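Heads up, the thing below is written out as structure tokens.
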Amino acid sequence: MAITTTSYKNFINGEWAESTSKEVYEVTNPANEDEIVGKFPLSTEEDVNHAVQSAHKAFTEWRKVPASERAAYIYRFIELLDQNKERLGEVLCKEQGKPLKEAVTEVTRGVSEMRFVAGEAVRLDGTTLPSDRRGVLNMAVRVPIGVVAAITPWNFPVLTPLRKVIPALVCGCTAVLKPATETPLTSVIITELLEEAGLPKGTVNLVIGKGRKVGDALVGHELVKGVSFTGSTQVGRNIYETAAKTFTKVQLELGGNNPAVVADFNDLESAATQIVGGCYSNAGQRCTAIGRVIVLDKHADELEKHIVEKVKEYKVGPGMDAETKVGPVVNEGARSTLLEYMETAKDEGAHILLGGRSVTGGEYDKGHYFEPTVISGVTPDMKVAQEEIFGPVLIIIRVSSLDEAIEVSNNTEYGLTASVFTDNMEFGYRFMEDVDSGMIHINNGTISEGHMPFGGVKNSGVGPYSIGGTNKDFYTELKVTYIQHQ
């Protein structure tokens, strides 16, 4: 008996429509390549243009909808999202690979964050200032920028689209969502729920396809006024260059190679617990994952021991297995890249304390599994110390002083997030001031909160920080008005 695979469509101007190309591709479960998640369109520039034109037309009316009414649509959507969190979590697990518990938690966090975002509709504050002239009122108000392109990654395929599309709608913008090719089904479901919530046609559009075809067409479209992108630094750089030609606003959340410094901290086991959790969740495929441990020599042996003991407890397996702590990496290319990093680390003189290999045999042969890995003997100039590995790999660098710890922390192109574990609060405050990072964590891992700004410096981000109150700085612009009233 033949197995029927569901085919999905784009969502443009309030209708589900096939791509003009008629071409499709398959998405498979990274835990089991034999399981087809679905077939999805390989969209064209014509599809993109249709979506952008629809969003532009809808914007002329949506921008005039009172803020409280826009929020009401979003609150209805949030209730639907909450009702569907188990379904979305299971789909997320099957198309991206993370453990089911992590997947459902991602959706649950999305529900919580979007409640805050919906409230931002009535917090789009401006300013009034005294005039230098009699009888004149001066004020600056926020107005929506227009059509926003939301280009999202595969590692958080529920949370990241929500973080882009929902604030766009709340601020009065319309959106065209382009999900990662690896994880489009979660975006299909999110779009279905937005449709069910009653959003006017054209306010939200979904176009699925390859980045070079769909993404490039979106970024270069003359009617797109803002591009919110989360992904690699190199792709972000290309988007920035293209957007600059038309002065399109950008919000770029890019890569990270995040340090956790351990210095003069008595509870090394607690530090190890938080470091390991911060590294291996989502199989290390997080821009905010802890990738580098920078530890004073006097703590290094004991800390390494605690880290290795805790990582050994992490079971690798399919995300639907309740005992799994580390699921598969997203595809075979990701696993091959990890194996290349292992060879380079050994060639440069590092020592693999734990892991460093593919997990194979039996059911593992159907997926893209990689052992949770700990590498010691790393120096700051090694490739594994300089680059974002984006997998379940933790490297350990020993330093001899607090000054060296800060120097090594800053010794990469990235500046997304950084942690320090210390009982020396003088050093903690110094770390906060001297480490070049958009987000700092003192005595805790790299966990962000949904009402706080999220972003990085250096090659980790460009444009207004996302999440929290800073989102409005991207989705709106100021209009300054002078009123002569007498």
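The values are calculated or read from the model by the stated rules, or taken from the named source; none is laboratory data. In this text, all values refer to a predicted model and were calculated from it rather than measured experimentally. Don't worry about glycine lacking a Cβ; one is built from the backbone with ideal geometry, like all the others, and counts go over all protein chains shown.
Looking at this structure, is Ala67 in contact with a strand residue (DSSP E or B) (Cβ under 7 Å, 6 or more places away or on another chain) and closer than 22 Å to Val117 by Cα?
It is false that Ala67 is in contact with a strand residue (DSSP E or B) (Cβ under 7 Å, 6 or more places away or on another chain) and closer than 22 Å to Val117 by Cα.
Going by what's in this entry, would Thr128 be described as over 21 Å from Arg70 (Cβ atoms), loosely packed, with under 14 Cβ neighbours inside 10 Å and either outside the structural domain of Leu177 (by TED's automatic domain parsing) or out of contact with any Pro (no Cβ under 6 Å at 6 or more places or on another chain) (or both)? Yes, satisfied.
Does Leu162 qualify as being touching a Gly at 6+ places or on another chain (Cβ under 7 Å), crowded, with 23+ Cβ neighbours inside 10 Å and modelled with pLDDT of 95 or more? Here the answer is yes, as Leu162 does meet what is asked. Go through the range 51-75 and give me each residue that's β-branched (Val, Ile, Thr) and touching a helix residue (DSSP H, G or I) at 6+ places or on another chain (Cβ under 6 Å). If the condition is that a residue be β-branched (Val, Ile, Thr) and touching a helix residue (DSSP H, G or I) at 6+ places or on another chain (Cβ under 6 Å), then Ile74 is the only one that fits.
Filtered by the rule that a residue be assigned to a loop (DSSP other than H, G, I, E, B) and of a type in the set (D, E, K, R), the range 420-468 gives Asp423, Asp436, Glu449. Residues in the range 226-279 that are surrounded by fewer than 21 Cβ atoms within 10 Å (Cβ to Cβ), of a type in the set (Gly, Ala, Ser) and not assigned by TED's automatic domain parsing to the domain that holds Thr422: Ser232, Ala244. Set side by side, the residues Gly38, Gly110 differ, and just one is surrounded by 17 or more Cβ atoms within 10 Å (Cβ to Cβ) and farther than 19 Å from Val165 by Cβ, which is Gly38. Considering (1) in contact with a Ser or Thr (Cβ under 9 Å, 6 or more places away or on another chain); (2) assigned to a helix (DSSP H, G or I); (3) more than 30 Å from Glu18 (Cβ to Cβ); (4) of a type in the set (S, T, N, Q), the lone condition that Gln251 does not fulfil carries the number (2).
Please enumerate the residues belonging to the range 124-144 that are in contact with a Lys or Arg (Cβ under 8 Å, 6 or more places away or on another chain) and either hydroxyl-bearing (Ser, Thr, Tyr) or within 24 Å of Ile78 (Cβ to Cβ) (or both).
Answer for the range 124-144, where residues must be in contact with a Lys or Arg (Cβ under 8 Å, 6 or more places away or on another chain) and either hydroxyl-bearing (Ser, Thr, Tyr) or within 24 Å of Ile78 (Cβ to Cβ) (or both): Leu124, Asp125, Arg142, Pro144.
Counting only residues that are in a loop (DSSP other than H, G, I, E, B) and of a type in the set (Gly, Ala, Ser), the range 105-139 holds 3 of them. Within the range 333-357, the residues that satisfy the criterion of being assigned to a helix (DSSP H, G or I) and farther than 23 Å from Glu33 by Cβ are Glu343, Thr344, Ala345, Lys346, Asp347. Any chance the range 370-377 includes a residue that's farther than 22 Å from Lys305 by Cβ and surrounded by 22 or more Cβ atoms within 10 Å (Cβ to Cβ)? There is at least one residue in the range 370-377 that is farther than 22 Å from Lys305 by Cβ and surrounded by 22 or more Cβ atoms within 10 Å (Cβ to Cβ). If only residues of the range 14-55 that are touching a Pro at 6+ places or on another chain (Cβ under 7 Å) and of a type in the set (A, V, I, L, M) are counted, the one that is nearest to Glu95 (Cα to Cα) is Val27.
Please pick out the residue among Ser409, Ser448, Ser400 that is of a type in the set (Ser, Thr, Tyr), touching a residue at least 60 places away in the same chain (Cβ under 8 Å) and crowded, with 23+ Cβ neighbours inside 10 Å. Walk me through it before giving the result.
Working: Ser448 fails: crowded, with 23+ Cβ neighbours inside 10 Å; Ser400 fails: crowded, with 23+ Cβ neighbours inside 10 Å.
Result of the check over Ser409, Ser448, Ser400: Ser409.
A search for C-beta distances below 6 Å between a residue of the range 51-75 that is closer than 19 Å to Leu177 by Cα and any residue that is part of a helix (DSSP H, G or I) and small (Gly, Ala, Ser), counting only pairs 6+ apart in sequence or on different chains, returns Arg70/Ala121; Ile74/Ala118. Check the range 145-155 and report whether any residue there is in a loop (DSSP other than H, G, I, E, B), closer than 20 Å to Ile78 by Cα and of a type outside the set (Phe, Trp, Tyr). Yes, some residue in the range 145-155 is in a loop (DSSP other than H, G, I, E, B), closer than 20 Å to Ile78 by Cα and of a type outside the set (Phe, Trp, Tyr).
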